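The numbers here are math on the coordinates, done by the rules we state, and not lab data. Fair warning: this is a prediction, and the values are worked out from it, not measured in the lab. All Cβ positions, glycine included, derive from the backbone under ideal geometry; neighbour counts span all protein chains shown.
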Amino acid sequence: MRKIMMLSLCFLLTISQLWAQNRTIKGKVLNEKGEALAGVTVTVKGSTTGTATGTDGTFTLSVPPTAKTLVVSSLNYVAQDVNVVGKTSISVLLVSTASELEGVVVQVPYGTVKKKAFTGAENTIGAATLSRQQVTNVTKAIDGLIPGVQVTNGGGAPGSGADIRIRGIGSINASSSPLYVLNGFPYDGSISSISPDDIESLTVLKDAAASALYGSRAANGVIMITTKKGARGRSTVSATINQGYETRGIPEYDRVGPQAYYELFWEGIRNGFLTGGDSYASAGTKASAQLTDASHLVYNAYNVPGTSLVDATTGKLNPNASLLWTDNWADALFQVAQRTNANINFAGGSDKSDYFLSVGYLNEQGTAKYSYYKRYNFRLNVNAAATSWLNTGLNIDGAMSRNQNVPNGGTATTNPFYYSRQMGPIYPVYQYGPTGNTFIDSVGDKKLDWGVPSQMGTRPYAGNSNLVGSLALDDRHSDIINANANTFAEVKFLNDFSFKTSFGINIWDNNSTTYQNNQFADAQSVRGRSTKSNGRQISLTLNEVLSWKRNFGKHGLAALAGHENYKYKYNSLSLTRTGFQYPGQTELDNATLTESTGGSYEDNQTLESYFSNVNYNFDQKYLVSGSVRTDGSSRFSPGARWGTFYSVGLGYRVSQEKFMKNVKWVNDLKLRASYGEQGNENIGLYYQYANYFYANGTGNFVAYTRPANADLAWEKNKATDFGVDAVLFNNRLQVTIDYFNKVSDNLLFDVPLALSTAFPTAYQNVGSMRNYGWEFAFGYNAVRKKDFDWRVDLNFSTYKNEITKLPPAQQKTGIISGTKKLMEGKSIYDFWLREFAGVDAATGEAMYYRDVLGTGGNPTGQRVLTNTIANASYYYVGGSALPKISGGITNSFRYRNFDLSVLATFAYGGKFYDGNYAGIMHSGSYGIAWQTDILNRWQKPGDVTNVPKLNTSTLATQDGTSSRFLFDASYFNIKNISLGYSLSTKDAQKLHLSGLKFTATIDNAWLFTAKSGMDPQRSFAGTSDATYPIYRIISAGVNVKL
Amino acid sequence: MKNFLKIGIVVFAISFASCKKDYLDTKPSNGIIETTIYSTTASLSSVLNGTYKSLFAFVSRHDRFGQKSVDLACDLAGADMVVHTAGYGWFNSNYQYTNWINSDATTAQPDQFWYYYYDIIKQANQIIAGLDNATGTIFEKESIKGQCLGLRAYAYYHLINLFQQTYKGNENKPGVPIYLTAQITGNPRGTVQNVYDRIIADLTAAETLLTGKTFTSKVAMSLQVVQGYRARVALVMEDWTNAATYAAKARIGSTLMTTTQYTATSAFSSIAGPECMWGSLIPASEATIYASFYSHVDVSTGGYAALGTQKKITKALYDLMPATDIRKSCFTLPTSTSTSNPAYNQIKMRVPTAGSWAADYTYMRASEMYLIEAEALSRKADDAGARTALQTLVVARNASYSAASLSGAALLSEILLQRRIELWGEGFSMIDIKRLKTGLNRLTGAGNHGSPSLDPIVYTMADADPRFILRLPKRELDNNTSMTPADQNP
């Protein structure tokens, strides 16, 4: 690097010459990768004359004849002095300080702070990194980039986002999600409505020192999203278009075909008769006779009579049988989807003002037909210095989107993912006659089979339905409008003071329609059903912040004090009507009947806060910071609503010490420590401090199911952090290591009560939980050559979650919650399941462990086997759903004008309960598909296998949730591969452009899991759902800069 | 000067920041605070109406719709109802006796039924507690309190019959916790006798309070319904005198349906009918659609019944009805080849108008009171009285019927047969099997239980089999500090 600088300096010196009048210097500023740098300040050394580069990295500056040197500086880059004697045109290469802490600025509550002076733990992802991934919601781009941050994949529904947990699971019953802050305002709106193209940076505040200034809402960490702004230089135009193709990112499970399906069911039915006492011969004969009758599989997909489809003795398919149809539900319901994203922005400014204007369009189809997300968004950010002491600005954005969706998640037969997985292979999409002939409907299409008696019979799974037909005729969409308007005014006075008042509004409005068609399926009998609902959310934040900053010799002191009001209002309105005369009519005016009474309600929440923050440093070496915030929340009773939160942070920049000057291999070294208490008031439900009777929509009031608790207050989160930031070996290696210990105390616990009190639960501040662990982040510049760079970023973290205190009544028994049991000393996601003991080789039955009970019903410690799942005991089996280690690794390469980056995410350890798989490993539920593992079932005495025998008469006693379906949740995911080619500046200029870049990306390229079809990043709790699977997207894009 | 201006702006801006005192006081727009609810009898009546609504409200799953989901479960566990095919599977676990021991899942029936009744008890207790200080007339307060006590007795009656064997011979077995106030601490099980004592005390008090109170709607827990429950309770306790007395009192004001009325689609789905004593009025706007009783039993709704789980009478019971008996027409002819409306399918309980979900639930009919009276008198060896009660009822169904020749055991057995026929599908099977101590006997063969209809898995069970009673929900045992694992049912 230094060589390059020396070379350019020599070059400049050799052509030096003197000039006598003002002259113009043109230039361009590039970074190490040869990318143009926007917003770089260029000033004449020793004067105030200056300008800034535009988005194409160029500048034009008129300089006095005496000017010899220009200072080229930009945040996050090492400033450079450039000799311009005798030059009219210069090219400057700036070296990033990302590796050096020097100059890096991080977003913190109510301002920014230099990273080197920061005592907290944070991570920032910049626009360049974000733009590598084709995401609609920025939360989906975070996975694997930041240590200590765990992210679900969020599924593949168009427009969907991911869930995020920072440093473990913070709460049991209150929310564990972080606080989102958009451009300095706590954000309640839709994150999908913020175009990632507009985002300049995303900062995750992880410890108390970083986030405590957000007080009662910061316990789970803070994610600060900052949008782009114009640089005070020449105006630029940048346009990007990206086109992608989506396919399923997680494959469907392999399932058996029609022949195996009939043979297996024959076996299951026969075994049922054997259980009932029949002889082998008689059971086989009965099974053959009944296989396709109305109480069993109903459908016969072959051209031989159902009674002779499967041989009564061998159980094999009739060799003369040939298939009448081979319909594939998945092919009919899913598609290769397209995604188009286009964005254009105009940015720039003068010395007194700057602007950023962007317009975007997104059309993301879903991999399921009839689903898409379309978004139109715009943003305008203007900042101006009205006078030398008054700054003001406005940042407004709006997005209009339509989310056309199909039901997903859950086991409803309207969910195409569940439906197509569960559907046995012998049930066709279209109606077939006895010879395999199809039928034609009135409009000339092949008639669909609805699984009803008037067609091919009552389909045993999901009768009276055909999603190919009903999804096409149904309509489920939301029209969402999300808008933000943020403004501020800042007054500077008395030299060191500034006063800033900011006001922000977010409006989110969702107008949705759920229409079930009037011709077929669920709503046929009522001639269609349409529900119209509207949800509108308005949140307002107003704050006033007084800041003061002064240096006294080596002492630096900065302080701020502020006040903030927050107000949130939600309105809901909905109505359902039925009785639609004509197809395709979804508006309620066209309906004849009111099915449910309409409903509406309003919710309000308010917060009032006072806060203060002090930062002190001695010689940039010893750093101390402290924050305190007092919040009053409407969620708690007047006597309990005010809470105070604080933090203290310490920093020691060891590398500033004299004795370190000679330690050449250490470029920078900082030690950090922080402690603080933050709050969590997010229990979602309001008014837990008073008993309210709620209207039931018909004018009557019904009793509350959860008794009030007037003493209810915040959860307290006590967070400790120790960290090291180091830059080593000539800036080649950057290391950050943190240890954290977060104790969530006074948990807002939804304490279970005796069910017979008919108060199933009551909120109390009891219990505590802790999350503690280590985070590691390494950045290594493996190669830094003129034509070739290679950088590796690796981060990983490991943490443990432990419940340390439960409510008194539950300390002995624990609290069962689905497949988990909360217990002191265990984690929130420790599996509590019946333990599968394998298959009895003699009988083929699934065996489970059962405790032997002694006097008083307490287990003696002895265990016996049982073949009745309801009698099985529950145990902690398999451990926790939380991974032992999770993280990500990014390899970035640059060769000349090409750049390539590969992001892989991984988790090791942890367990996953795959209910989706369990659903298709039944022992004989008529009509339901089978995963191919069923071929390993027990068949005869002596068979050693872990798949029990098929038996249609013992489903209820044999099948059920147990450790049988618990798998290793470890995964390795090649999440993003991004390849780019930037035209050289010279070539771009030939095209009258300032820049041109082509990109090609693959997101969710490959996922490796214990079992193909499994989706271990579905939930933090390690459980599956028949959800919209994530998609793999292959895309190509072009970016043009003028 | 300029600094004054700047500071002036700052001070001005800060002055805007001060808030009104009530800024942090927000309240729900769709809720009424307890003190307001407790202020007048009129507002407490509204809460009572809410309690009546919970008798048919849909709660999260398609097999949870209040009293009728219990009734359907109890009939499916009996010997006279056959399930056509597996269909969507709802309630098949009752037919196949697999849900009764499933106490862990909050979605399983022990948990659901337990909570359903205790929620009504809690609501009744809350209203009773609020009455004392509410403004309103003594008359209004008596009426509300009487209904609440009646509802509380109703809930305890069903609870004890679901979670324990019958009364007689089991008086000292564990009962179910009793609550007289809304509270958050759990009570112990007590004994069966404790529970029946409570039920009788509540019904007796309710009877006094409700005397002279009339209601315009059969939704209310009226004096007649309280007396009807007193008769039901006495029948289970084998207190034949009270059973007969109260059954006779309870049906005052009701008349039997004519044959035309009996076969109308609205016969059992409109509380306006002459026989209905107690039910829920369910207009289309409050119907629970697929999660309703009619979805599970009436094929004309296109609901779950039409999707494979048609509910059929056994051929055995069907054949016991003479051709002249109007009740025989409540079932599809054995010759039916329709796949949606198969042979023996019930068409007794139907929505009044196909295509609309508006259909009431019936919980108590006058004909049951004739049957209780007849049975009680017969057991008291008052054959003449028993015959009169029986004859009055059955002749309304079958004009050529005569009980004149019957006496003694034959008369009793005829009364019990008529009870099975008359009350088929109305929720009585389980309690009757338990109190009569017959055990479960499901007949097989064409038209009865088993293939080609859904396999019931369980065909016979001896009297007092543990499967006749639900296990206590795990949530109760885990969180009730007055209970230990030893309190669990076998």
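What is the fewest-to-most order of A:H555, A:H477, B:H158 by other Cβ atoms lying within 10 Å of their Cβ? Please list the in-between numbers first.
On the way: A:H555 11, A:H477 18, B:H158 22.
Exposure proxy ranking, most exposed first: A:H555, A:H477, B:H158.
In this structure the amide hydrogen of B:S29, modeled in the peptide plane, comes within under 5 Å of the amide hydrogens of A:E602, none closer than 5 places in sequence on its chain. When the listed pairs A:K28/A:K785; A:K28/A:K492; A:K492/A:K1041 are checked against a 25 Å cut-off, the alpha-carbon distance exceeds it for A:K28/A:K492; A:K492/A:K1041. Inter-chain neighbour count for B:270-277: the average number of beta-carbon atoms from partner chains within 10 Å of each residue's beta-carbon is 0. For a paramagnetic label modelled on B:R467 (point 7 Å from Cα along Cα→Cβ), amide N atoms under 17 Å away belong, within the range B:67-95, to B:73-83, B:91-95. Give the calculated FRET efficiency between A:R863 and A:D711 to the nearest 0.05, with a Förster radius of 41 Å applied to their Cβ-Cβ distance. E(calc), rounded to 0.05, equals 0.40.
Annotation note: trypsin sites (Lys or Arg not before Pro) in the range A:608-685 located in DSSP loop regions with a Cβ neighbour count of at most 14 within 10 Å are A:K661, A:K664. Under 21 Å Cα-Cα from B:K68, which lysines qualify once same-chain neighbours fewer than 8 residues away are excluded? Once the sequence-local lysines are set aside, what remains near B:K68 is B:K53, B:K122, B:K218, B:K311, B:K312, B:K348, B:K434. Sorting the Cα pairs of the range A:878-1022 by distance into bins of 10 Å, from 0 upward, gives 10, 26, 22, 17, 12, 8, 5, 2, 0 percent per bin.
Computed about the Cα centre, the dipole magnitude for the protein assembly as shown is approximately 4520 debye when only Lys and Arg (+1) and Asp and Glu (-1) carry charge, each at its Cβ. Would you give the gap between the C-alpha center of the range A:816-866 and the C-alpha center of the range B:435-480, rounded to a whole Å? When both Cα centres are located, 26 Å separates them.
The residues neighbouring A:Q811, those whose beta-carbon lies less than 10 Å from its own, together hold a net charge of +1 under the Lys/Arg +1, Asp/Glu -1 convention. In sequence order, the range A:1022-1036 has phi-based couplings of x, 10, 9, 7, 7, 9, 5, x, 4, 10, 8, 10, 10, 9, 9 Hz under the Karplus curve 6.51 cos²θ - 1.76 cosθ + 1.60, θ = phi - 60°, and Gly or Pro positions carry x.
Return the loop-located trypsin sites (Lys or Arg not before Pro) in the range A:863-934 (DSSP other than H, G, I, E, B) with at most 13 other Cβ atoms within 10 Å of their own Cβ; answer none if there are none. Filter output for the range A:863-934: A:R896.
Within straight-line reach of B:K21, meaning a Cα separation under 20 Å, sit the following lysines at least 8 residues removed in sequence or on another chain: A:K567, A:K569. Within 10 Å of the Cβ of each residue in B:468-481, the mean number of Cβ atoms contributed by other protein chains is 5. Model label points for B:T460 and A:M400, set 7 angstrom from Cα along the Cα-to-Cβ axis, are 7.4 nm apart. For A:R255, nonlocal amide neighbours, meaning residues 5 or more places apart or on other chains whose placed amide H falls under 5 Å from its own, are A:T932.
Hey, fewest Cβ within 10 Å first, where do A:T954, A:T53 land in order?
Numbers: A:T954 23, A:T53 28.
The most exposed by this proxy come first: A:T954, A:T53.
Pairs with C-alpha atoms separated by more than 21 Å, drawn from the list A:K206/A:K716; A:K621/A:K742; A:K352/A:K986, are A:K621/A:K742; A:K352/A:K986.
How would A:M660, B:M81, A:M847 line up from fewest to most surrounding beta-carbon atoms within 10 angstrom?
Details: A:M660 15, B:M81 25, A:M847 20.
Listing A:M660, B:M81, A:M847 from fewest to most nearby Cβ atoms yields A:M660, A:M847, B:M81.
Annotation: amide H of A:G393 within the under-5 Å range of A:A384, A:F488, sequence separation 5 or more or interchain, hydrogens built in the peptide plane. Phi angles across the range A:437-452 convert, under the Karplus curve 6.51 cos²θ - 1.76 cosθ + 1.60 with θ = phi - 60°, into 3J(HN,Hα) values of 6, 9, 10, 10, 8, 5, 9, x, 8, 5, 6, 7, 9, 9, x, 10 Hz, Gly and Pro given as x. Test of understanding: extend the Cα→C-beta vector of A:D589 to 7 Å, then name every residue of the range A:499-543 with backbone N under 12 Å from that spot. Answer for the range A:499-543: none. Distance between the modelled labels on A:T932 and B:S405, one decimal in nanometres: 7.1 nm (7 Å Cα→Cβ projection). Entry note: the protein assembly as shown has Rg to Rh equal to 1.02, where both radii use alpha-carbon atoms and Rh is the Kirkwood radius. Per-residue 3J(HN,Hα) values for the range B:472-486, derived from phi via the Karplus relation 6.51 cos²θ - 1.76 cosθ + 1.60 with θ = phi - 60°, read 5, x, 4, 4, 6, 5, 5, 10, 8, 6, 8, 10, 10, x, 5 Hz in sequence order (x marks Gly and Pro). Under 15 Å of direct C-alpha separation, and excluding same-chain neighbours fewer than eight residues apart, A:K826 reaches these aspartates and glutamates: A:E802. With coordinates expressed along the principal axes, the C-alpha atoms belonging to the range A:469-521 extend over 75, 12, 10 Å, beginning with the largest.
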